[in-house]
Amino acid sequence: MIIPTPHSVKYTGGCLDLSGGLYTSTGIPSLSKAFHKYFPEHGSNAVCVEFLLYNPSIGEEGYVIDVNSEKITVSGDTEKGLFYGLQSVVQMFDYAAKRNFMLDCCSVKDFPEFGYRGFMLDCSRHFFDTDVIKKLLDACALLKINVFHWHLTDDQGWRFESDKYPLLTEKGSERACTRGDGIPVKGYYTKAQMKEIVAYAADNFIEVIPEFDMPGHSVAAIACYPELSCTDERTEVKTRFGIDPLIMCAGKESSYEFARAVLGEAAGIFTSDKVHIGGDEAPKARWKDCPRCAEVMKKMNLENFEQLQAVFTNKIIDMLKELGKTAIVWNDSMQYADIDKSAVMQYWRAKEGEKKIAQMINGGRKTIVSKFTPCYLDYPYGMHPMKALYSFSPVLKGVTDSGKANVLGMEVPLWTEYVADEKKLHFMAFPRLVAAADVAWAHGRNRKYRAFLRNLENLYDRLGSLGIEPAPMHEAKKGRLTGWPDVIKFFANAYDKQSAAEFVAAQKESKTK
């Protein structure tokens, strides 16, 4: 009946007739606004939904729903808890609507297992306007997802408006084409638009965390300001995908001036106390031949370039501390060198395996789990099946009981190299995002996949009313055995001979210098 799976549901006997609809007289503005968004009209025999803000000792995000033969009562410690209770009431109403509007009297007690429940959207590779993002935020609210990780910069486009560096949007927000198709891709978010999204998300109790990827995945910025690179080389915003050897210089003050200015501007827009600074997939070929980088390594007695990246990263972390922000960093740049203990690690893939990641978690590193398999939503259902995601545990093998406290939660990313429009975005994200929401909220409970599928079918109409068009159920149910043709098609489409040649050349360059 409800997704994510509640902590407990006890049926008390009898039914409540919801055929007249629902109404509320709550004086809590946030609840009233959200309620009337879902239930704008009602009949003369409508049922009252009463919201009670008191302390049932169920936590900041917890709630209790009591359904008797006369009304529905939602209670919680905070407005956030009541808001999540409302999301469950919406699903209970939809469930009853398909059963002659009769809802079984019951008591629901619920709270999340993880405090961080995230969805990431890459708006660099392909740009999505604010209306698209608002629909996604509406869906996230329904699923009790509380973090929207907004990937705003990469090699293929810069989407954040900057007063200090205007070329970032004048030039960096547009690329000539995508893999030679001749179709320009452009777009960026003004500061007003970003503030609008932050406010819209806040109304849904969702935190917006921006990402500014550095020192790698920064070609779009370097195309605008060549002095950010080691060689001052002229380049264009990338039109192809893959890992590019052109990254920000760790030995130039201009790199740090740039980061300080952009992050300072971001701090005036995003109210979250966290900022993601990337750190993944940063080849060191240019650093190996850079006299400024060499000077830093000599001065600080560094043994390798991973340590140099740690120096770079720690400087950015310190900048964020001055702004009252905590850094989140992809695990790539944290595994091989010492990174400030305050930084949060986001784990997606480890070359040395999960054992090292588990050790870091057990050692006190706060961590968000986004393991590539099965959490990456941009891959086909036959490769990352919904059932595999539903069965996933954010508590990795090797994490001790005491270490579990360092697992903040989980996040599912949707990279958009091959997701060019809203229809494809919805197809890839939904309903796997629903399964991920169930894991993040209800991990460790008595969850049943068959029951989840039944409840998921009930949720499809509600997602449709929000403007979301999920993948058809027969597509969503595909596993690795039945979905292998889609996987082959995906990789056949993704293979780019030119990008592959560039990557091989970069690898050779890295090894020879």
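Annotations
- Qualifying positions in the stretch 59-88 - closer than 23 Å to residue 202 by Cβ and in contact with a Lys or Arg (Cβ under 7 Å, 6 or more places away or on another chain): 60, 61, 84, 87
- When residues of the stretch 340-361 are limited to those that are over 17 Å from the mean Cα position of the chain (by Cα) and either open to solvent by less than 10 Å² (accessible area, probe 1.4 Å) or among the small types (Gly, Ala, Ser) (or both), the one modelled with the lowest pLDDT: 353
- Complete set of residues in the stretch 486-511 that are at pLDDT 85 or above and either within 27 Å of residue 137 (Cβ to Cβ) or open to solvent by less than 50 Å² (accessible area, probe 1.4 Å) (or both): 486, 487, 490, 494
- Taking the stretch 319-343 as the range and being out of contact with any helix residue (DSSP H, G or I) (no Cβ under 8 Å at 6 or more places or on another chain) and more than 18 Å from residue 270 (Cα to Cα) as the test, the residues that pass are 330, 332, 341.
- Selected residue (criterion: most open to solvent (accessible area, probe 1.4 Å)) from residues of the stretch 18-55 that are under 15 Å from residue 75 (Cα atoms) and among the aliphatic types (A, V, I, L, M): 53
- Residue in the stretch 76-84 that is assigned to a helix (DSSP H, G or I), over 21 Å from residue 14 (Cβ atoms) and open to solvent by 10 Å² or more (accessible area, probe 1.4 Å) present: yes
- Among the residues of the stretch 325-338, just one is open to solvent by 10 Å² or more (accessible area, probe 1.4 Å) and hydrophobic (A, V, I, L, M, F, W, C), namely 337.
- Members of the stretch 187-236 found to be hydrophobic (A, V, I, L, M, F, W, C) and either in contact with a Cys (Cβ under 9 Å, 6 or more places away or on another chain) or open to solvent by 20 Å² or more (accessible area, probe 1.4 Å) (or both), listed by number: 192, 199, 201, 202, 205, 206, 228, 230
- Selection of helices (runs of 4 or more DSSP H) fully inside the stretch 140-245 by the criterion of at least 2 residues being farther than 23 Å from residue 499 by Cα returns 167-170, 191-203.
The values are calculated or read from the model by the stated rules, or taken from the named source; none is laboratory data. Bear in mind that the values here come from a model prediction, so they are computed numbers and not experimental data. As a convention, Cβ positions derive from the backbone with ideal geometry for all residues, glycine included, and neighbour counts pool all protein chains shown. Just so you know, the surface numbers come from the protein's heavy atoms only, side chains and all, with ligands and any DNA or RNA stripped out. Shrake-Rupley method; radii C 1.70, N 1.55, O 1.52, S 1.80 Å.
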